[in-house]
Amino acid sequence: MLQHSLEIYNSMSRCKELFKPLHPERVGMYVCGPTVYGDGHLGHARPAITFDVLFRYLTHLGYKVRYVRNITDVGHLEHDADDGEDKIAKKARLEQLEPMEVVQHYLLRYHRAMDALNVLPPSIEPHASGHIIEQIEYIKKILDAGYAYESEGSVYFDVPKFNHDYGYGRLSGRNIEELLATTRALDGQTEKRNPADFALWKKAAPEHIMHWPSPWSEGFPGWHLECSTMSEKYLGEQFDIHGGGMDLKFPHHDCEIAQSVAHNGRPSVHYWMHNNMITINGQKMGKSLGNFITLDEFFTGSHPLLAQAYSPMTIRFFILQAHYRGTVDFSNEALQASETALRRMLDGWKRLGELKPSAESTVDVNDIRTRCYAAMDDDLNTPVVIATLFDACRIINQVNDGHATATADDIATLRDIMQTFLVDILGIRTEAAEAGAEALKPFEDAVDLLLNIRREAKQRKDWATSDLIRDRLAAIGFAVKDTKDGGFEWTLK
Ligand code: ZN
């Protein structure tokens with residue numbers, strides 16, 4: 001099973017090299033998961049789908065993969081630095097909920113959205129708040145190693161000292177001298193020796209509702225710490241792959257590297273992988289720009305920027321039509337093109353089940369499998385896999401139309417290729433009806449709404465409105481039938 005080599009960009013050394021796991025049969029993989037204080041959006045979908053495909057592919061190649069994706073439920077402050085309110089505590093304050101009620105509410109919704117996108121659950125999904133003891137022990141070791149200091153009940157990582165000994169900011173390519181020149185000391189941060197130092201433990205202000213006891217103060221861990229601690233707990237001091245969005249390279253992942261090197265004397269991660277960002281109509285997503293669209297809004301079409309609903313499989317297919325290191329720009333036109341392309345692919349899948357075998361073959365199907373593996377091995381080149389599967393669809397159509405012939409073996413090979421790459425690795429659900437039904441739901445609700453208005457008009461004996469709605473719907477193509485109980489039924493003629 002292990003004959004296929006997987007090439008992954010090793011951004012630490014900026015060179016492309018063959019993927020060599022630390023253990024010949026097992027792969028450890030850690031991906032930064034969401035901070036659960038709001039509904040899932042496209043920024044959540046892209047890393048989830050990218051690393052889901054990697055998880056599926058490594059598993060397909062025969063590796064036993066332990067995939068850890070964390071849940072950030074404490075310590076992620078508003079400004080990603082060491083100031084501002086905790087994102088979850090703020091939501092809890094605004095909605096008058098327990099912080100863990102906020103986490104539970106949005107985590108359930110996140111899981112539902114991931115299920116809809118056919119993202120497999122990770123092997124372990126640890127919560128930061130469930131690993132406070134481990135994080136305190138981790139800090140103690142960094143303090144003992146001399147790379148952190150206590151100040152006013154908080155503990156900070158000593159960035160200049162680490163930079164002198166090991167180099168800081170290498171993953172993102174930041175220059176620390178430049179960083180120090182551009183970082184001004186902020187009010188309230190005077191307890192840091194250097195503005196670039198980051199918090200490992202923060203003393204909680206009296207109004208802060210999420211805090212735990214520690215040797216230094218009643219407080220909470222810094223955001224970067226949870227990933228170093230939980231990856232080591234579940235994957236060991238060294239592991240194969242660490243993933244996340246490109247926006248996490250700095251400061252989050254450079255801080256993780258600094259923490260684990262200070263803790264263990266060497267880096268933990270063998271390969272870093274970062275997915276690129278998503279823009280909407282060429283703009284960055286942001287609440288203030290009015291283009292912040294949640295996954296549920298995509299699935300139901302209920303956002304002013306959306307021309308229609310898009311099924312979860314359309315979203316998944318669209319994301320996989322771009323290479324994970326390239327940017328993706330969402331627009332109605334691009335999504336509609338993906339919807340049509342996915343329908344063509346699913347038509348091909350369906351037609352495959354109806355092909356009649358011939359004694360002679362005029363097609364070469366084995367070449368398609370080789371090209372699909374080569375594309376996956378080339379740094380997960382999913383757009384090329386999809387283009388190759390369209391070549392398979394072309395062969396299916398030619399055989400179906402009588403322009404080519406395929407043997408029973410050819411047809412079995414095609415079925416195996418589509419099952420392996422489209423279903424098992426790209427994770428596309430092939431039930432076309434399901435994809436269609438979800439997209440149709442708001443449309444059906446709108447027709448029901450019109451017919452309920454018509455029923456109320458009839459009750460008021462407003463025959464003009466009642467007839468108008470029936471006639472106009474008939475003109476578009478709906479057959480409306482009144483039922484004996486005063487209700488209605490409708491079908492598309
Ligand atoms: Zn992380």
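Each value in this text was obtained by applying a stated rule to the coordinates, not by laboratory testing. Quick caveat, the model's predicted, so the values are computed rather than measured. All Cβ positions, glycine included, derive from the backbone under ideal geometry; neighbour counts span all protein chains shown.
List of remarks:
- Global size of segment 280-436: 17.7, 64 Å for Rg and Dmax (C-alpha atoms, Rg to one decimal, Dmax whole).
- Computed over segment 440-492: relative contact order in percent, which uses C-alpha pairs under 8 Å that are six or more apart: 23 percent
- Descending by average beta-carbon neighbour count within 10 Å, the peptides 479-485, 384-390 line up as 384-390, 479-485, the highest first.
- The fraction of all Cα pairs in the chain landing in successive 10 Å bins from 0 to the largest distance is 4, 17, 23, 22, 16, 10, 6, 2, 0, given as whole percents.
- For segment 38-80, the normalised intensity computed at q = 0.15, 0.18, 0.21, 0.26 Å⁻¹ comes to -0.54, -0.70, -0.83, -1.00 (log10 of I(q)/I(0), Debye sum over alpha carbons, equal scatterers, no solvent).
- Range of Cα positions in segment 123-175 per principal axis (Å), largest first: 34, 32, 18
- Residues with amide H under 5 Å from that of Y310, placed H, sequence gap 5 or more: F299, T300, G301
- Convex hull of segment 158-275 built on C-alpha atoms - directionally averaged projected area, nm²: 8.4 nm²
- Neighbour counts of C-beta atoms inside 10 Å place C227, C32 in the sequence C32, C227, starting with the fewest.
- Computed [θ] at 222 nm, helices only, for the chain once each DSSP H run of length n ≥ 4 contributes -39500 (n - 2.57): -14000 deg cm²/dmol
- log₁₀ of I(q)/I(0) at q = 0.07, 0.08, 0.11, 0.16 Å⁻¹ - segment 6-275, Debye sum with one point per alpha carbon: -0.24, -0.32, -0.61, -1.31
- Convex hull per residue volume in Å³, alpha carbons only, for segment 440-492: 69 Å³
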